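The values are calculated or read from the model by the stated rules, or taken from the named source; none is laboratory data. Here the structure is a predicted model, which means the values were calculated and not measured. Because the Cβ atoms are built from the backbone with ideal geometry, glycine has one as well, and the counts that use them run over all protein chains shown.
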Ligand SMILES: [Zn+2]
């Protein structure tokens, strides 16, 4: 009996924290059969979360020496024949679009990854060893023709916004670049308030899915294993989980229902530089082949937001929250001061919502704004003194403080991507 109750409670909790349910309830994202399955759209509050996440990533990458690029979401079929996607990954790709009349002079494909575009951008001009490591990053779309049956909310979609990056470097630089990418991932997880369930070294398995180059596989596997050993992180090795072109470090997370998924990856690739005949001019004046390190700090934006939603039950860290400050005048009389404070929040770059007395009692409005990390209550006394009485989402109450100080302290915590609400 008791076990049954526990099961039911567990089921209930799963349902409560299911990202699809939360996404709809909180007005973050949704989908429409007319757009198609696996093609969710982002409503304003969801777009605010996504925008903050993307801004954070771009900033972190910029500081880590990445240069951001843009590339088109389509490419010619030949591009993917050269990269190997056509031979090894075709079942996950959308069918080509025929252009140029009945006989199809050319075929365009929705890209299954960003690597080939970035490889061509590396190749677009002559490169010297002095430019290496050359780090390209792009938050770009890629596409996967998932079967309808496996589509699920934001975790399995057909159009994916990937936080991708490719480092073109010398063999000697690979370990350092892979370790630096792992460190970026570790720091991002702290800011996001999430924890990896495990680190996995993903190796090839049997079957023809992988490019045949045993020597290169051995070299890249040894490099990644050494990076993991040096990092001191516990990891497990798993066969059959590699990319078709090389082994990878996968950072795994577990969702609310206990399903494991890969969020972030670091990969070493000797294959695509070979296929695209990439080279740089070394200190010796001769041509050398660079290595490509592929990495995704938060993986896809879709999967990251799904995981954040389930992890935090909709109560995002303040820097990600769709509404960061809820302004609550106690009565109509404080409406002018509340509106002025709302304007100052906007000026300070904060996302703010004013919930006036017409929305109900103060208690009801506090409940309505329960997911906002900061609730700024303004009563008669506060209004007269230009003060704000802050309530934190976790239930803590802060003694009334000058409005300017409240803004400065919230601004500093949000700007530093802190998970704690106050200090
Ligand atoms: Zn790649």
For residue 361, which of the numbered conditions (1) more than 30 Å from residue 221 (Cα to Cα); (2) surrounded by fewer than 16 Cβ atoms within 10 Å (Cβ to Cβ); (3) touching a helix residue (DSSP H, G or I) at 6+ places or on another chain (Cβ under 7 Å) fails to hold? (3)
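Could you please give the count of residues in the range 147-162 that are out of contact with any strand residue (DSSP E or B) (no Cβ under 7 Å at 6 or more places or on another chain) and without any contact (Cβ under 8 Å) to a residue 60 or more places away in the chain?
Within the range 147-162, residues that are out of contact with any strand residue (DSSP E or B) (no Cβ under 7 Å at 6 or more places or on another chain) and without any contact (Cβ under 8 Å) to a residue 60 or more places away in the chain number 2.
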Might you let me know whether the range 275-284 holds any residue that is assigned by TED's automatic domain parsing to the domain that holds residue 169, in a strand (DSSP E or B) and within 13 Å of the ligand (Cβ to nearest atom)? no
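Before we move on, is residue 90 over 16 Å from residue 141 (Cα atoms), away from the ligand (no atom under 16 Å from the Cβ) and in the same structural domain as residue 147 (by TED's automatic domain parsing)?
Working: over 16 Å from residue 141 (Cα atoms): yes; away from the ligand (no atom under 16 Å from the Cβ): yes; in the same structural domain as residue 147 (by TED's automatic domain parsing): yes.
In short, yes.
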Taking residue 123, is it within 16 Å of the ligand (Cβ to nearest atom), crowded, with 18+ Cβ neighbours inside 10 Å, under 25 Å from residue 295 (Cβ atoms) and within 30 Å of the chain's Cα centre (by Cα)? no
State yes or no: is residue 66 over 17 Å from residue 274 (Cβ atoms) and within 14 Å of the ligand (Cβ to nearest atom)? yes
Provide a single number: the residues in the range 71-87 that are under 24 Å from the mean Cα position of the chain (by Cα) and over 19 Å from residue 159 (Cβ atoms). 0
Helices (runs of 4 or more DSSP H) contained entirely in the range 334-423, each with at least 1 residues that are closer than 23 Å to residue 51 by Cβ: 335-347, 403-415
Members of the range 280-304 found to be farther than 19 Å from residue 177 by Cα, touching a helix residue (DSSP H, G or I) at 6+ places or on another chain (Cβ under 8 Å) and crowded, with 24+ Cβ neighbours inside 10 Å, listed by number: 304
Failed condition for residue 113, given (1) away from the ligand (no atom under 14 Å from the Cβ); (2) assigned to a loop (DSSP other than H, G, I, E, B); (3) closer than 30 Å to residue 37 by Cβ: (1)
Test: residue in the range 195-205 that is assigned to a helix (DSSP H, G or I) and within 16 Å of the ligand (Cβ to nearest atom): no
When the residues of the range 238-266 are narrowed to those that are more than 16 Å from residue 303 (Cβ to Cβ), out of contact with any helix residue (DSSP H, G or I) (no Cβ under 8 Å at 6 or more places or on another chain) and assigned to a strand (DSSP E or B), which ends up nearest to the ligand (Cβ to nearest atom)? 243
Selection status of residue 78, away from the ligand (no atom under 15 Å from the Cβ), assigned to a loop (DSSP other than H, G, I, E, B) and either at pLDDT 95 or above or more than 27 Å from residue 183 (Cβ to Cβ) (or both): no
Take the range 245-271 and flag every residue that is surrounded by fewer than 17 Cβ atoms within 10 Å (Cβ to Cβ) and within 17 Å of residue 293 (Cβ to Cβ). none
Considering the range 224-234 alone, what residues qualify as being surrounded by fewer than 18 Cβ atoms within 10 Å (Cβ to Cβ) and either within 16 Å of the ligand (Cβ to nearest atom) or in contact (Cβ under 8 Å) with a residue 24 or more places away in the chain (or both)? 225, 226, 230, 231, 233, 234
